[in-house]
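Read the figures in this text as sums done on the coordinates, not as results from a lab. The structure displayed is predicted, hence computed values, not measured ones. So basically every Cβ, Gly included, is an ideal-geometry build from the backbone, and we count neighbours across all protein chains shown.
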Amino acid sequence: MKGSLIIIGFFVLGIIVGLGKVIPEGFLSEQISTYVLYALMFLVGVTIGYDKELLRSLRKTNWRILFVPLATIVGTLGGVALVSMLLPQWTMAESMAVGSGFGYYSLSSIFITQYKGAALGTIALMSNIMREIIALLATPLLLRWFGRLAPISVAGATSMDTTLPIITQYSGRDYVLIAISHGIIVDLTVPFLVTFFCSV
Amino acid sequence: MLFGVGVGILLRSTPKLKHTGKVIMVVIYALLFLLGKEAGEDDRIMSSLDTLGVQALLLTLGAVVGSALCAKLVYNLFFKKHEG
């Protein structure tokens, strides 16, 4: 939760600076942020490759477990595609790009800003933060209405870090490994799906 | 990113990389700051922050309900019978 507050803090700080027009508009042009974005993707890749445990726990998963991230991805994209019919300002692909953040708000909103502008980027940031908050707060209800896997699916990419404690608490210890491998797989799909739906 | 994964695997023996996580966080903070700055400079975004919020909430609800329903399906199909 502290991490989320810091993230929102930087965003709000940016808004204040932008409102005051303290920094001239040309400063840190879009080209630079594109390269920074590439560097970021590279670094994310390095940490994934560097972490032995991460890849090992992926290899250990059995086929049943793979249906959980699949359910998350299909369910999220389907739900978001339906909602997009209520939002004429955005195309279905743009709405699906927002949904493809799966709660990974920092990375997805940065990508979407780069490809689609700050308005959709702001939606992505808010929407994915909301998703994490819902996963944190609604887990007991999700468990009762939709079974033990629902807290994991709703948590999306955060099921391996911020929401893992609450998932463990409610779904049970047997589901920890599922939650972690689910988080890793969904996390990995975020950059690919977001760029895909931005370029459609 | 896949290139980065390869480099990360090759670099496993070097302990220096412990700090990449922190570097990533700093870069993310910087980029989110820039997103905020861009949004703050854009009067259209600032004046429609409430409608953007409503749209974000609707999309989130779609994502949450959709993924919960699919999770229920997978749970009933593959997980339920394995429990006592």
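Being part of a helix (DSSP H, G or I), within 7 Å of chain B (Cβ to nearest Cβ) and among the basic types (Lys, Arg) is the requirement here; does residue A:148 meet it?
Against the criterion (part of a helix (DSSP H, G or I), within 7 Å of chain B (Cβ to nearest Cβ) and among the basic types (Lys, Arg)), residue A:148 does not qualify.
Return the residue satisfying two criteria in turn: it lies in segment B:24-61 and is of a type in the set (Ser, Thr, Tyr) and in a helix (DSSP H, G or I), and of such residues it is nearest to residue A:36 (Cα to Cα).
The qualifying residue nearest to residue A:36 (Cα to Cα) is B:29.
Within segment A:82-101, how many residues are more than 8 Å from chain B (Cβ to nearest Cβ) and within 19 Å of residue B:67 (Cα to Cα)?
8
Just a yes or no: is a residue in segment A:155-165 among the β-branched types (Val, Ile, Thr) and under 22 Å from residue B:78 (Cα atoms)?
no
Got at least one residue in segment A:98-117 being without any contact (Cβ under 8 Å) to a residue 12 or more places away in the chain and of a type outside the set (Ser, Thr, Tyr)?
Step one: filter segment A:98-117 for residues without any contact (Cβ under 8 Å) to a residue 12 or more places away in the chain, giving A:113, A:117.
Retained after the next criterion (residues that are of a type outside the set (Ser, Thr, Tyr)): A:117.
Yes, because at least one residue in segment A:98-117 is without any contact (Cβ under 8 Å) to a residue 12 or more places away in the chain and of a type outside the set (Ser, Thr, Tyr).
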